[in-house]
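Remarks on the structure that follows.
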Amino acid sequence: MSAKTVLITGCSTGIGAATVRHFAEQGWNVAATLRKPEAVQFEQGSGRVEKFALDVTDQQSVDAAVARTLERFGQIDVLINNAGYGLFGPFESATPEAISREFRTNVDGVFAVTRAVLPHMRQRGSGVIVNVASLTGLIAMPLYSVYAASKYAVVGFSESLSHELAPFDIRVKVMAPGAVATDFSGRSLARTFEGDGGPYAESIRKVMGTFQANRASAGATAEQLAQALYDAATDGSAQVRYVVGDDALAAMQMRKELGEEALLLGIRQRFGLA
Ligand SMILES: NC(=O)c1ccc[n+]([C@@H]2O[C@H](COP(=O)([O-])OP(=O)(O)OC[C@H]3O[C@@H](n4cnc5c(N)ncnc54)[C@H](OP(=O)(O)O)[C@@H]3O)[C@@H](O)[C@H]2O)c1
């Protein structure tokens with residue numbers, strides 16, 4: 001049987017780069033897409049890795065990368081929509097431009113790549129699409145209102161699409177990781193505020209401190225996420241939501257045991273906001 005092909009977005013670092021390595025080690029053809037292909041090198045593993053330029057906010061580059069992947073490998077069995085970044089800070093100071101940029105990347109970007117791959121998967125009558133959302137797309141964390149809105153959108157999109165594509169044997173899945181040790185909280189975290197955040201300074205300090213402590217103690221690694229994405233893409237199941245990481249699983253368990261209101265209060269207390 002010929003090797004299967006996965007197309008992954010946002011492969012320069014973190015979860016995307018680890019996922020390229022993981023699929024390649026399993027003998028897959030990997031279309032590793034990223035904004036600056038010249039800046040990164042990947043080991044071939046036992047599969048074949050090809051880099052293609054793809055900016056999820058640029059439909060032309062999306063269409064070109066999908067066309068080149070099909071030319072090179074002949075098929076796309078799995079799409080992993082991973083590219084995204086965080087926007088942290090008070091909503092009051094979030095500019096319309098910052099909000100729009102976040103949605104263009106985290107939401108419209110998922111739409112654009114999915115739309116480009118769908119005709120191919122539908123005609124073949126098979127395929128798996130795995131969207132990387134976040135625990136913050138199931139339980140919203142403080143000072144992440146716009147990021148949470150974008151990831152809730154990805155979860156809702158994925159769940160609805162999973163119904164729509166079932167008749168074509170295309171499975172749609174959504175990954176909700178808790179904290180993952182990557183560049184996300186450094187390079188990939190935009191802010192809505194300048195300086196110390198003015199009236200929100202104390203909240204920002206408390207929330208930042210709690211996130212940093214959580215990241216150090218309970219965070220998953222990019223390799224664990226890569227394994228979870230591989231498992232979701234290949235488990236053959238109809239499961240749609242995947243919650244990954246001890247912190248994320250604990251939060252979902254708390255919701256189940258305590259109920260919605262107590263969970264929200266518990267979150268405020270944990271971050272020192274109540
Ligand atoms: N780390 C966490 O704690 C965590 C938790 C839950 C969910 N996630 C999600 O996991 C995904 C991957 O993040 P990560 O943690 O691996 O962080 P990361 O290492 O910073 O990776 C983010 C990736 O997204 C790419 N990207 C950003 N804008 C893009 C665009 N317009 N077009 C194409 N690629 C773009 C970046 O590429 P450039 O190098 O070109 O900037 C980079 O490769 C994101 O969707 C994030 O929301 C992360």
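The values are calculated or read from the model by the stated rules, or taken from the named source; none is laboratory data. Predicted model, so just to flag it, every value in this text is computed and none were measured. Neighbour counts run over all protein chains shown; Cβ positions are idealised from the backbone, glycine included. The protein model used for the area step is the full one, side chains on, heavy atoms only, and it has no ligands, DNA or RNA in it. Shrake-Rupley method; radii C 1.70, N 1.55, O 1.52, S 1.80 Å.
I'm trying to understand the selection: among the residues of region 65-84, which are in contact (Cβ under 8 Å) with a residue 12 or more places away in the chain and outside any loop (DSSP other than H, G, I, E, B)? Walk me through it before giving the result.
Of region 65-84, the ones in contact (Cβ under 8 Å) with a residue 12 or more places away in the chain are 65-66, 68-70, 72-84.
Within region 65-84, 65, 66, 68, 69, 70, 72, 73, 78, 79, 80, 81 qualify.
Quick grid of which residues meet (1) closer than 27 Å to residue 234 by Cβ; (2) free of Cβ contacts under 8 Å to residues at least 24 places away in the same chain:
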position: 43; (1), (2): yes, yes
position: 51; (1), (2): yes, no
position: 55; (1), (2): no, yes
position: 86; (1), (2): no, no
position: 98; (1), (2): no, no
position: 107; (1), (2): yes, no
*Can you name the condition, by its number, that residue 96 falls short on among (1) in contact with a strand residue (DSSP E or B) (Cβ under 8 Å, 6 or more places away or on another chain); (2) away from the ligand (no atom under 14 Å from the Cβ)?*
(1)
*Inspect all residues belonging to region 100-119 and state whether any of them is open to solvent by less than 10 Å² (accessible area, probe 1.4 Å), on the phi < 0 side of the Ramachandran plot, in a helix (DSSP H, G or I) and in contact with an Asp or Glu (Cβ under 9 Å, 6 or more places away or on another chain).*
yes
*Scan region 173-182 and give yes if some residue there is among the aliphatic types (A, V, I, L, M), away from the ligand (no atom under 15 Å from the Cβ) and either exposed (fewer than 15 other Cβ atoms within 10 Å of the Cβ) or under 18 Å from the mean Cα position of the chain (by Cα) (or both), otherwise no.*
no
*Subset of region 208-224 [away from the ligand (no atom under 11 Å from the Cβ), surrounded by fewer than 16 Cβ atoms within 10 Å (Cβ to Cβ) and polar (S, T, N, Q)]*: 212, 217
*asked:* Against the definition (assigned to a helix (DSSP H, G or I), more than 10 Å from the ligand (Cβ to nearest atom) and within 18 Å of the chain's Cα centre (by Cα)), how does residue 159 come out, yes or no?
replied: yes
*Selected residue (criterion: farthest from the ligand (Cβ to nearest atom)) from residues of region 162-172 that are open to solvent by less than 20 Å² (accessible area, probe 1.4 Å) and either assigned to a strand (DSSP E or B) or closer than 20 Å to residue 11 by Cβ (or both)*: 170
*If you check every pair at least six apart or on different chains, which have Cβ atoms under 7 Å apart with a residue in region 21-37 that is of a type in the set (Ser, Thr, Tyr) first and a residue that is modelled with pLDDT of 95 or more and part of a strand (DSSP E or B) second?*
33/7; 33/8; 33/52
*Starting from residues that are near the ligand (Cβ under 8 Å from one of its atoms) and assigned to a strand (DSSP E or B), keep the ones in region 15-49 and report whichever is farthest from residue 114 (Cα to Cα).*
34
*Please work out which residue is surrounded by the most Cβ atoms within 10 Å (Cβ to Cβ), limiting yourself to region 66-85 and to residues that are touching a Ser or Thr at 6+ places or on another chain (Cβ under 7 Å), more than 15 Å from residue 119 (Cβ to Cβ) and hydrophobic (A, V, I, L, M, F, W, C).*
80
*Tally, over region 114-156, of residues that are within 14 Å of the chain's Cα centre (by Cα) and farther than 20 Å from residue 104 by Cβ*: 3
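Which helices (runs of 4 or more DSSP H) sit wholly inside region 207-274 and have at least 2 residues that are under 13 Å from residue 180 (Cα atoms)?
Working: elements: 222-234, 246-258, 260-270.
Of the helices (runs of 4 or more DSSP H) lying wholly inside region 207-274, those with at least 2 residues that are under 13 Å from residue 180 (Cα atoms) span 222-234, 246-258.
Can you work out which of the residues in region 193-202 that are part of a helix (DSSP H, G or I) and of a type outside the set (D, E, K, R) is most open to solvent (accessible area, probe 1.4 Å)?
Among them, the one singled out is 199.
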*asked:* Given the options 205, 187, name the one that is open to solvent by 40 Å² or more (accessible area, probe 1.4 Å) and over 22 Å from residue 9 (Cβ atoms).
replied: 205
*Name the residues in region 23-43 that are closer than 15 Å to residue 227 by Cβ, open to solvent by 10 Å² or more (accessible area, probe 1.4 Å) and touching a strand residue (DSSP E or B) at 6+ places or on another chain (Cβ under 6 Å), would you?*
28
